[in-house]
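All of the numbers you see were taken from the coordinates with simple rules; none came from a lab. Given the structure is predicted, the values throughout are model-derived calculations rather than measurements. Cβ atoms come from the backbone with ideal geometry, glycine included; neighbour counts cover every protein chain shown.
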Amino acid sequence: MMDRKDWPLFEIFIRPKNGLSHKHVGSLHAADARMALDNARDVYTRRGEGVSIWAVPAASIAASDPTDKASLFDPADDKVYRHPTFYDIPADVKNI
Amino acid sequence: MYTQGLDAKTEQGAQPSPRLVTEQEAALQGRFQERVDAEEKIEPRDWMPDGYRRTLVRQISQHAHSEIVGMLPEGNWITRAPTLRRKVALLAKVQDEGGHGLYLYSAAETLGVSRDELIGQLLSGKAKYSSIFNYPTPTWADIGAIGWLVDGAAIMNQVPLCRCSYGPYARAMVRICREESFHQRQGYELMLALAQGTAEQKRMAQDALNRWWWPSLMMFGPSDEQSAHSSQNMAWKIKRFSNDELRQRFVDATVPQAEFLGLTIPDPELRLNAETGHYEFGAIDWTEFNEILKGNGPCNRERIEARRKAWDDGAWVREAAVAHAAKRRQRALKKAG
Ligand SMILES: [Fe+2]
Ligand SMILES: [Fe+2]
C-alpha cells in the first residue's frame, strides 16, 4: 500500500469576493501546488464561495507560539493613547 | 451519532490513565478547563490534556470515516436515478459528503495524526464509523429516506458541534452544516414525490421508512445510562447535549413530517404526550446496534471491501500524481537554469 507522504499539506485561503482579502478555509494534501489549487476549487468553492484561491505549503508558514501570547499581545492593552477616544475634543468641533 | 462507537462501554478510550498528575500539569489542566468554561476555543498548538486530544482524534476521525463510507449506500443509485434532476442532486450530495470527509480528516490532522494513519485504520477495519451506513439501499425510495432521516439526524447532532470547544472541528462543522440542509430537503422532496405518486410508489416510500426509522434513531448512540464518556465530553464541551436529548428532538421534528407525507412511523407505541409536548416512542433494539458495531451488520464487510478496492484501484493515480509533480519541478528548474 503506497502512502502519501510525498503529498505535502497545503493551507487553503479563499478570497470570497472581489475587494476582500483572502481568508483561511482549511487544508488539503496534494502532490504539488497546481494540484492543490485544482482540489481546493473542488472542495472549498462548490457554491460560489470564492473568486481567488491561495494554496500555501503548510511547512512554509511561521506561526507565533501560543505560550508567548501574553508577552506578545498584552503590551498593547495599556496603550489607550493609540485609540481616537483617548483624545478630548469639545463637542462643538465637528467633522473630527 | 457518526461517532457512536465512542460511547459503547466496551471501548477503551477517553478515560485518563491512572498515573500521578504533577503540580504543573494540574495547573495547566485547571487553566485549560477555565478557558473551556469561558467558551474560548482551543487551537491546535494550545496546551490540552492528553485525554482531550485522544477523544477528539477518535471522534473526528470516526466522523470523517462516516462521511466517506456514507458515500457508498447512496453512490449505489447515482447511475440509476430516475431523472436528470434527481441525478444531479444525488451526485452533488455524494460529492459534498466526500468534502465533509476531507474537512474532518484535516481537522483531525491538526491534532498530530497523519492522514495515512487514519485511512489505514479505516481500511484495516480497526476504525469505527456510523452504524447507519451498514444497511443496504435496495430501492430508489431509500435515497429519499436517507436524505430525510439520516441527514436529518446528522444535522440534529451536528448543529451543536459547531460550538465544540476545539476550533478546527467547530469550524469544519460550520461548513458542513451549511451544506447539509440541502441534503435533507432533497430527500424529503423525493419522499414527497413518491408518497403522492402511484400506490406502488407510496408503498416503496413506506417500506423505506419502515427500514430506516429505527436505524436512524440508533444513530444518536446508546441511551444516556449506557453511554460511557458523556459527562467528561460535556465538561470539555466536545458534546453539548446527551444522546437521548438529541434523539428526542429528532423524533419530535420528524413525526409531523411523516404525517405530512401520509406515511406511518413503524412504532406502535409512538404517541404524543400532551402534557410534555414530546413524542414517546418504543424501545430500541440495541442488540442489532451492537452487532453492527462489532462488524456483523448487513453490509459491514461490503463497505470496507469497497473502500479497500477504491484505495487499491487509485494507487496508480497517486503514484502518477507524484511522478508528474516531480517532472514539472524538473522542467521548471531547467527553465530557470
Ligand atoms: Fe455529511
Ligand atoms: Fe449529508
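Work out the length of the dipole vector of chain A about its Cα centre, built from +1 on the beta-carbon of each Lys and Arg and -1 on the beta-carbon of each Asp and Glu, and round it to the nearest 20 debye.
Charge dipole, chain A, about its Cα centre: 520 debye, nearest 20.
Explain nothing, just compute: Karplus ³J(HN,Hα) = 6.51 cos²θ - 1.76 cosθ + 1.60, θ = phi - 60°, for every residue of segment B:193-208 in order, whole Hz, x for Gly and Pro.
Along segment B:193-208, the couplings run 4, 5, 5, 9, x, 5, 4, 5, 5, 5, 4, 4, 4, 5, 4, 5 Hz.
When the Kirkwood hydrodynamic radius is evaluated over all pairs of different C-alpha atoms of the protein assembly as shown, what value in angstrom, to one decimal, is obtained?
24.2
Longest exposed-loop-site-free stretch of chain B, with trypsin sites (Lys or Arg not before Pro), DSSP loop and at most 13 other Cβ within 10 Å?
Details: sites that count: B:K9, B:R19, B:R45, B:K126, B:R163, B:K294.
That would be B:164-293.
Under 24 Å from the Cα of A:K79, which lysines turn up, not counting those fewer than eight places away in the same chain?
Straight-distance partners of A:K79: A:K69.
Calculate the dipole size of segment B:194-253 relative to its Cα centre from +1 charges on Lys and Arg beta carbons and -1 charges on Asp and Glu beta carbons; express the result in debye to the nearest 20.
Once rounded to the nearest 20, the dipole reads 200 debye.
When Rg is the radius of gyration of the Cα atoms in segment B:207-302 and Rh is its Kirkwood radius, what does Rg/Rh come to?
Value, to two decimals: 1.00.
Return the subset of B:K126/B:K237; A:K17/B:K334; B:K87/B:K327; A:K23/B:K239 for which the Cα-Cα distance in this structure is over 32 Å, preserving the input order.
From the list (B:K126/B:K237; A:K17/B:K334; B:K87/B:K327; A:K23/B:K239), the Cα-Cα distance tops 32 Å for A:K17/B:K334; B:K87/B:K327.
Can you tell which of B:A199, B:N296, B:A235 lies farthest toward the positive end of the dipole of segment B:162-297, using +1 and -1 charges on the Cβ of basic and acidic side chains (Lys, Arg; Asp, Glu)?
Towards the positive end, the residue furthest out is B:A235.
Starting from segment B:176-273, pick out the GluC sites (Glu not before Pro) whose DSSP state is loop and whose Cβ has at most 11 other Cβ atoms within 10 Å. Intermediate results must be reported in sequence, preceding the final value.
Values: sites: B:E179, B:E180, B:E189, B:E200, B:E225, B:E245, B:E259, B:E269; in loops: B:E269.
Taking segment B:176-273 and a limit of 11 other Cβ atoms within 10 Å, the loop GluC sites (Glu not before Pro) found are B:E269.
What are the extents of the Cα atoms of segment A:32-88 along their three principal axes, in Å, largest first?
53, 29, 14
Can you compute the charge dipole magnitude of the protein assembly as shown about its Cα centre, using +1 on each Lys and Arg Cβ and -1 on each Asp and Glu Cβ, nothing else charged? Give it in debye, rounded to the nearest 20.
In debye, rounded to 20, the protein assembly as shown gives about 2080.
Read phi for every residue in segment A:45-59 and hand back ³J(HN,Hα) as whole Hz from Karplus 6.51 cos²θ - 1.76 cosθ + 1.60, θ = phi - 60°, with x for Gly and Pro.
9, 6, 10, x, 6, x, 10, 7, 10, 10, 10, 10, x, 4, 5
Report the gain in length on full extension from B:E319 to B:R53: 0.36 nm times residue separation, minus Cα-Cα distance, nm rounded to one decimal. Don't skip to the end; give the middle numbers.
Working: separation 266, 0.36 × 266 = 95.76 nm, distance 3.24 nm.
Once the chain is fully extended between B:E319 and B:R53, it gains 92.5 nm.
Sort segment B:93-177 into rounded, prolate or oblate with this rule: let a ≥ b ≥ c be the square roots of the eigenvalues of the Cα gyration tensor; rounded if a/c is under 1.5, and if a/c is not under 1.5, prolate when a/b is larger than b/c, oblate otherwise.
oblate
How much net charge surrounds B:V255 when only other residues with a Cβ under 13 Å from its Cβ are counted (Lys, Arg +1; Asp, Glu -1)?
-2
What is the angle, in °, between the Cα long axis of helix A:33-44 and the longest principal axis of the Cα atoms in chain A? Nearest 10 is fine, range 0 to 90.
Taking Cα atoms only, the helix is inclined about 70 degrees.
Hey, can you grab everything whose amide H is under 5 Å from the amide H of A:S27? Only 5+ residues off in sequence or another chain; H modelled, so Pro and N-termini drop out.
A:I12
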